[in-house]
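The values are calculated or read from the model by the stated rules, or taken from the named source; none is laboratory data. None of the values given here were measured: they were computed from a predicted structure. In this analysis, Cβ positions are derived from the backbone assuming ideal geometry, glycine residues included, and neighbour counts consider all displayed protein chains. Side chains included, ligands, DNA and RNA excluded: accessible areas come from the protein's heavy atoms. Shrake-Rupley method; radii C 1.70, N 1.55, O 1.52, S 1.80 Å.
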Amino acid sequence: MSLSSGLHVYFQLVAKRVTPSRLAHKPALSTSYFLDLDFLKIRLFDKAVPRTCHNFSELCSHNQGFGYARSEIDHVVRGFGLFGGDIVERVQAQQPHDEPSKGLAWDGKVESFKKPQYLPMTHPRPGLCGRSVYGNRMDDTVYEDETYFEDESHNIPHSRPGLLTMASHGPHTNNSRFLVLTAPAPWLDSKHVVFGEVTHGLDTVLEIDEICGSQSGHPRHQIEIVQCGVVGEEDKLPPPLSLQELNFREPEDLLAYTKQPIYIE
């Protein structure tokens with residue numbers, strides 16, 4: 001049985017530095033992009049898990065006004081995988097002290113990934129979280145913008161590098177958070193939904209794991225998804241954004257640039 005109808009999406013990944021700016025007309029923190037890390041082309045298993053793949057492709061295309069462009073690969077655990085998908089700004093920076101943890105914390109130990117409640121679901125910088133395109137909020141959701149949808153299937157095993165799986169923190173808590181595996185992770189089977197695989201750029205994923213990864217999960221270099229979308233019928237990737245374009249565009253202009261129809265069909 002085929003897992004995919006041929007639906008592919010793409011990410012362009014670029015490494016960046018964020019440093020204090022000395023210029024009065026610039027923001028307090030200045031971003032400079034210094035290394036183009038190539039495109040990732042991802043085949044989605046839309047025949048096996050159509051609802052999960054629809055959520056991911058919509059977030060890649062920004063059809064609903066929000067998505068992955070300009071977000072970061074916020075955790076890189078060496079020998080395990082790359083985490084991304086924190087796309088929603090929160091009003092609250094932390095959970096109220098009288099609220100119990102809902103499994104969003106992570107103790108920094110790779111062994112704890114065997115317990116899905118300890119997957120690193122939040123960015124080390126407070127104020128960001130995941131969001132699905134379905135808009136379903138759980139009754140115990142602490143933050144207003146946190147939206148989830150149900151698990152579809154656990155039939156596809158976490159058997160090889162390059163697979164994408166939903167980085168949920170419990171049953172039926174899928175949103176925009178995802179994990180790209182850099183090694184088999186069988187302990188995630190029956191707990192997380194595998195929905196795609198990297199078909200172009202796996203060498204880049206493994207390079208990021210080696211160069212940027214750490215045991216704590218905090219990446220040694222910041223990696224940003226500078227553009228993303230759905231691959232068209234001609235099966236061609238868009239022109240890459242150059243480092244010069246990235247360094248001289250305002251963030252709002254760059255986000256609009258990633259949404260032009262010429263690049264996303």
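Counting only the heavy atoms of the protein chains, how much of Ile87 is accessible to a 1.4 Å probe, in Å² to the nearest 10?
Here the residue's solvent-accessible area equals roughly 40 Å².
Between the DSSP loop rule and a limit of at most 16 other Cβ atoms within 10 Å, which GluC sites (Glu not before Pro) in the stretch 188-245 are left?
Glu233, Glu234
Within the stretch 191-232, what whole-number % of the accessible surface is contributed by carbon and sulfur, with the 1.4 Å probe and all protein chains included in the calculation?
Looking at the stretch 191-232 in its full context, I get 51 percent from C and S.
With every protein chain left in place and a probe of 1.4 Å, what is the accessible surface of Lys191, to the nearest 10 Å²?
Using a 1.4 Å probe on the heavy atoms, I get roughly 80 Å².
For His75, which sequence-distant residues (separation of 5 or more, or a different chain) have an amide H within less than 5 Å of its own amide H, given hydrogens modelled in the peptide plane?
It is Phe83, by chain and number.
Quick query: amide H of Gly229 versus all other amide H atoms, modeled in the peptide plane; which residues come in under 5 Å with a sequence gap of 5 or more or a different chain?
It is Tyr10, by chain and number.
Going by a ≥ b ≥ c, the root eigenvalues of the Cα gyration tensor, does the stretch 31-83 fall in the rounded group (a/c under 1.5), the prolate group (a/b larger than b/c) or the oblate group?
oblate
Could you report the accessible area of Cys129 in Å², rounded to 10, computed with a 1.4 Å probe on the protein chains as they sit in the structure?
Roughly 10 Å² of Cys129 is accessible to a 1.4 Å probe.
Between Asp189 and Leu35, how high is the FRET efficiency from 1/(1 + (r/R0)^6) when r is the Cβ-Cβ distance and R₀ = 41 Å? Nearest 0.05.
With R0 = 41 Å, the Cβ-Cβ based efficiency is 0.75.
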